[in-house]
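Structure first, commentary second.
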Amino acid sequence: MNTKRKILGITGALLILSIAVLLPDYIGLGVKPNRTLGILLAFLCLLITEALPIIVTSLLMCALMPVLKVTDNLKVAFEGFSEPVIFFVVASFGIAAALTVIPVAHRILRRLLRIFGKNIETVLLALVIACALLSSIVSNIPTCAIFMAISLKFLDIYKNEEDKRKTGKAFMIAIPVSSMIGGMMTPAGSSINILAMAQLEKYTGLTITFVDWMKYGIPIACIMIPLSWLVFVRIYHPVQVSQEDIKQFINHLDIPETMDIREYKVLFIVGGMLVLWILSSWIHDINIIIVAIIGCSLLFFPGIDILDTKTFVKENSWDAFFLVGALTSICNMILKNGIIQTVVDAIPPFTSSVVLMSGICAVLIFGLLLIIPVATALIPLVVPIFIIIASSAGVSPIVVVMTASLCACNCYLFPLDTVPLLTYSKGYYSMIEMTRSTWLLQVVMVLLCMFWIPFATIL
């Protein structure tokens, strides 16, 4: 099946590129715009079908730009890799790797379990809160991977396979959803956030500070976290366990009661970064990306020795690095060759209602992510269009950018995103079983974006 899908993806990409070359003005935009669009569609075709590794796909599409005369030379084709945002992606995964070296996730969960761990429902609540908290400063993928490993150990408590599967369904769906909810609380929570901030500044000159982002993301997360927990409990009905079993699990978490010097080093560096990120909201000389790079670098310094090259290379998401770089290059060409303006001109006038526009934006993002289930690929494509439409309607571009980014961080109707795919692969739930609970969360997310983001913008 995978082989057939790969062949189909490569065939589709070749067909798209052939049309772009052989019919240079097939939709009346001009040679360069048509070929740029061809490269974009071929890129998406290869991504969605997973026909080639993401790194290979990214490099191949950039290399084809000068070949198809979309860019003047190879240097221009790879300009996206000079964007600061992709180096934030690298640094953030380095920081995440450091936090996995020390048992910080285990400590957070243990503390929460000692407070809430009275029954299976409150154990799930502790897990949801722990995932969201860690994901607010660490990328969603490592957060999900850490708590998935812990949860799989917890599920071993169940001797009955049916009870284990039933409870595992609730846990394995809760972990990616809560990680993605937590990822929207701060800009550091997801590369999508930094990418959206960069897009806003690039096309409008407007900036969203670290604290400003928290103003939008944290209130929504504070509603979504307890709501998601309640939905998971009511729909999936995890099987009860005894308090004694919970206590034994807490006691058997493989961490010492007191922190060692390595943990203090990591927490001091990460805590310092967080302070500087917050201060950047008022001290504009402090750059979020520079802080992340310096913080990540300190983890390698002699005397600190938290990370080494092998760990850093292994734990980093090089797929994300090359994907964001290639997409940025393609989007630069889309903008330069006039495609975005053509699309905007073809769209009928939108409502000037900021609430309605935010809602339409949210629905479009969730709908598009079902077709293009790669949020980091979608944001650079749609944000410029949303910005132009919002500006022409007299709506603040910040509203649509925040709506787009927060919704992109929270697309879990189906386990199509990389984050839910981690737990989906364990076999505890099907795609439709995830939808039973998450459809309601997606509806609530649309409503929150419609009413909170416009209100928060004028605060």
Practice task
Determine whether region 85-108 contains at least one residue that is over 30 Å from Phe301 (Cα atoms), out of contact with any Leu (no Cβ under 7 Å at 6 or more places or on another chain) and either part of a helix (DSSP H, G or I) or of a type in the set (Gly, Ala, Ser) (or both).
Solution key: no
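Filter region 329-363 down to residues that are over 23 Å from Thr36 (Cα atoms) and aliphatic (A, V, I, L, M) and give me whichever is nearest to the chain's Cα centre (by Cα). I'd like the intermediate steps shown before the answer.
Going residue by residue through region 329-363, those that are over 23 Å from Thr36 (Cα atoms) are 348-363.
Remaining after also requiring aliphatic (A, V, I, L, M): 354-357, 360, 362-363.
On the way: Val354: 25, Val355: 24, Leu356: 25, Met357: 23, Ile360: 21, Ala362: 16, Val363: 18 Å.
The selected residue is Ala362.
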Practice task
Tell me, yes or no, whether region 173-195 has at least one residue that is under 19 Å from Val275 (Cα atoms), in contact with a Pro (Cβ under 9 Å, 6 or more places away or on another chain) and part of a helix (DSSP H, G or I).
Solution key: yes
Fill in the blank from the handout: Residue hits (region 381-411; among the small types (Gly, Ala, Ser) and surrounded by fewer than 21 Cβ atoms within 10 Å (Cβ to Cβ)) are Ser391, Ser392, Ala393, Gly394, Ser396
Practice task
Could you tell me which of the residues Leu52, Leu64 is in a helix (DSSP H, G or I) and not assigned by TED's automatic domain parsing to the domain that holds Ile289?
Solution key: Leu64
Fill in the blank from the handout: How many residues of region 314-341 are surrounded by fewer than 20 Cβ atoms within 10 Å (Cβ to Cβ) and among the aromatic types (Phe, Trp, Tyr)? The answer is 1
Exercise for the section: Could you tell me which of the residues Lys164, Lys202 is among the charged types (D, E, K, R), assigned by TED's automatic domain parsing to the domain that holds Ile289 and farther than 30 Å from Ser396 by Cβ? Expected result: Lys164
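Any residue in region 234-241 that is among the β-branched types (Val, Ile, Thr), surrounded by 15 or more Cβ atoms within 10 Å (Cβ to Cβ) and in contact with a Lys or Arg (Cβ under 8 Å, 6 or more places away or on another chain)?
Of region 234-241, the ones among the β-branched types (Val, Ile, Thr) are 235, 239, 241.
Within this subset, residues satisfying the condition of being surrounded by 15 or more Cβ atoms within 10 Å (Cβ to Cβ) are 235, 239, 241.
Okay, now just the ones that are also in contact with a Lys or Arg (Cβ under 8 Å, 6 or more places away or on another chain), so 235, 239.
Yes, there is a match, as at least one residue in region 234-241 is among the β-branched types (Val, Ile, Thr), surrounded by 15 or more Cβ atoms within 10 Å (Cβ to Cβ) and in contact with a Lys or Arg (Cβ under 8 Å, 6 or more places away or on another chain).
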Problem - Residues of region 142-163 satisfying the condition of being assigned to a helix (DSSP H, G or I), closer than 19 Å to Ile250 by Cβ and either touching a Phe, Trp or Tyr at 6+ places or on another chain (Cβ under 8 Å) or not hydrophobic (A, V, I, L, M, F, W, C) (or both) - result: Ser151, Lys153, Phe154, Leu155
Problem - Among the candidates Thr57, Thr71, residue that is crowded, with 22+ Cβ neighbours inside 10 Å and within 28 Å of Ala346 (Cα to Cα) - result: Thr71
Practice task
Could you check Val128 against (1) at pLDDT 95 or above; (2) under 15 Å from Cys409 (Cα atoms); (3) assigned to a helix (DSSP H, G or I) and say which number it fails?
Solution key: (2)
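What residue, of Phe455, Phe414, is without any contact (Cβ under 8 Å) to a residue 24 or more places away in the chain, among the aromatic types (Phe, Trp, Tyr) and surrounded by fewer than 22 Cβ atoms within 10 Å (Cβ to Cβ)? Reasoning before the result, please.
On the way: Phe414 fails: without any contact (Cβ under 8 Å) to a residue 24 or more places away in the chain.
Unique residue meeting the criteria: Phe455.
Considering only region 274-321, state which residues are hydrophobic (A, V, I, L, M, F, W, C) and either at pLDDT below 90 or in contact with a Cys (Cβ under 9 Å, 6 or more places away or on another chain) (or both).
Initially, region 274-321 is screened for residues hydrophobic (A, V, I, L, M, F, W, C), giving 274-279, 282-283, 286, 288-294, 296, 298-301, 304, 306-307, 312-313, 318, 320-321.
Those that are hydrophobic (A, V, I, L, M, F, W, C) and either at pLDDT below 90 or in contact with a Cys (Cβ under 9 Å, 6 or more places away or on another chain) (or both): Leu307, Phe312, Val313, Trp318, Ala320, Phe321.
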Practice task
Report whether or not Leu112 is in a loop (DSSP other than H, G, I, E, B) and modelled with pLDDT of 90 or more.
Solution key: no
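Hey, among the residues in region 258-290 that are touching a Phe, Trp or Tyr at 6+ places or on another chain (Cβ under 6 Å) and among the β-branched types (Val, Ile, Thr), which one's surrounded by the fewest Cβ atoms within 10 Å (Cβ to Cβ)?
Taking region 258-290 as the starting set, the residues that turn out to be touching a Phe, Trp or Tyr at 6+ places or on another chain (Cβ under 6 Å) are 277-278, 280-281, 288-289.
Right, trim to among the β-branched types (Val, Ile, Thr) and you get 278, 288-289.
Numbers: Ile278: 16, Ile288: 23, Ile289: 20.
My answer is Ile278.
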Practice task
Name every residue in region 427-459 that is over 20 Å from the mean Cα position of the chain (by Cα), over 20 Å from Leu370 (Cα atoms) and assigned to a helix (DSSP H, G or I), in order of residue number.
Solution key: Met450, Phe451, Trp452, Pro454, Phe455, Ala456, Thr457
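Condition first: assigned to a helix (DSSP H, G or I), out of contact with any strand residue (DSSP E or B) (no Cβ under 6 Å at 6 or more places or on another chain) and either closer than 19 Å to Gly182 by Cβ or free of Cβ contacts under 8 Å to residues at least 12 places away in the same chain (or both). Can you find one or more residues in region 378-394 that meet it? Full working, then the answer.
Our first condition is that a residue be assigned to a helix (DSSP H, G or I); within region 378-394, this holds for 378-392.
Imposing the further condition that a residue be out of contact with any strand residue (DSSP E or B) (no Cβ under 6 Å at 6 or more places or on another chain) reduces the set to 378-392.
Filter again for either closer than 19 Å to Gly182 by Cβ or free of Cβ contacts under 8 Å to residues at least 12 places away in the same chain (or both), leaving 379.
Yes: region 378-394 contains one or more residues that are assigned to a helix (DSSP H, G or I), out of contact with any strand residue (DSSP E or B) (no Cβ under 6 Å at 6 or more places or on another chain) and either closer than 19 Å to Gly182 by Cβ or free of Cβ contacts under 8 Å to residues at least 12 places away in the same chain (or both).
Condition first: closer than 21 Å to Ile194 by Cα and surrounded by fewer than 22 Cβ atoms within 10 Å (Cβ to Cβ). Now tell me which residues in region 342-364 satisfy that. Lay out the reasoning, then the answer.
Step one: list which residues in region 342-364 are closer than 21 Å to Ile194 by Cα, which gives 358, 361-362, 364.
Correct list: Leu364 only.
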Completion exercise
Within region 142-185, the residues that are touching a residue at least 12 places away in the same chain (Cβ under 8 Å), surrounded by fewer than 24 Cβ atoms within 10 Å (Cβ to Cβ) and among the aliphatic types (A, V, I, L, M) are Ala145, Met148, Ile150, Leu152, Leu155, Ile157
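Hey, can you tell me all the residues within region 418-436 that are at negative phi, surrounded by fewer than 24 Cβ atoms within 10 Å (Cβ to Cβ) and not aliphatic (A, V, I, L, M)? If you could, list the steps in order and put the result at the bottom.
Just the residues of region 418-436 that are at negative phi, to begin with: 418-426, 428-436.
From what is left, the residues that are surrounded by fewer than 24 Cβ atoms within 10 Å (Cβ to Cβ) are 418, 421-422, 424-426, 428-436.
Thr418, Tyr424, Ser425, Lys426, Tyr428, Tyr429, Ser430, Glu433, Thr435, Arg436 - these are the residues of region 418-436 that are at negative phi, surrounded by fewer than 24 Cβ atoms within 10 Å (Cβ to Cβ) and not aliphatic (A, V, I, L, M).
Could you pull out the residue among Thr342, Thr309 that is of a type outside the set (Gly, Ala, Ser), closer than 23 Å to Ser191 by Cα and not assigned by TED's automatic domain parsing to the domain that holds Leu40?
Numbers: Thr342 fails: closer than 23 Å to Ser191 by Cα.
Thr309 is the lone residue from the list that is of a type outside the set (Gly, Ala, Ser), closer than 23 Å to Ser191 by Cα and not assigned by TED's automatic domain parsing to the domain that holds Leu40.
The values are calculated or read from the model by the stated rules, or taken from the named source; none is laboratory data. Values in this document were obtained by computation on a predicted structure and should not be read as measured data. Reconstructed Cβ throughout: ideal geometry from the backbone, glycine too, with neighbour counts over all protein chains shown.
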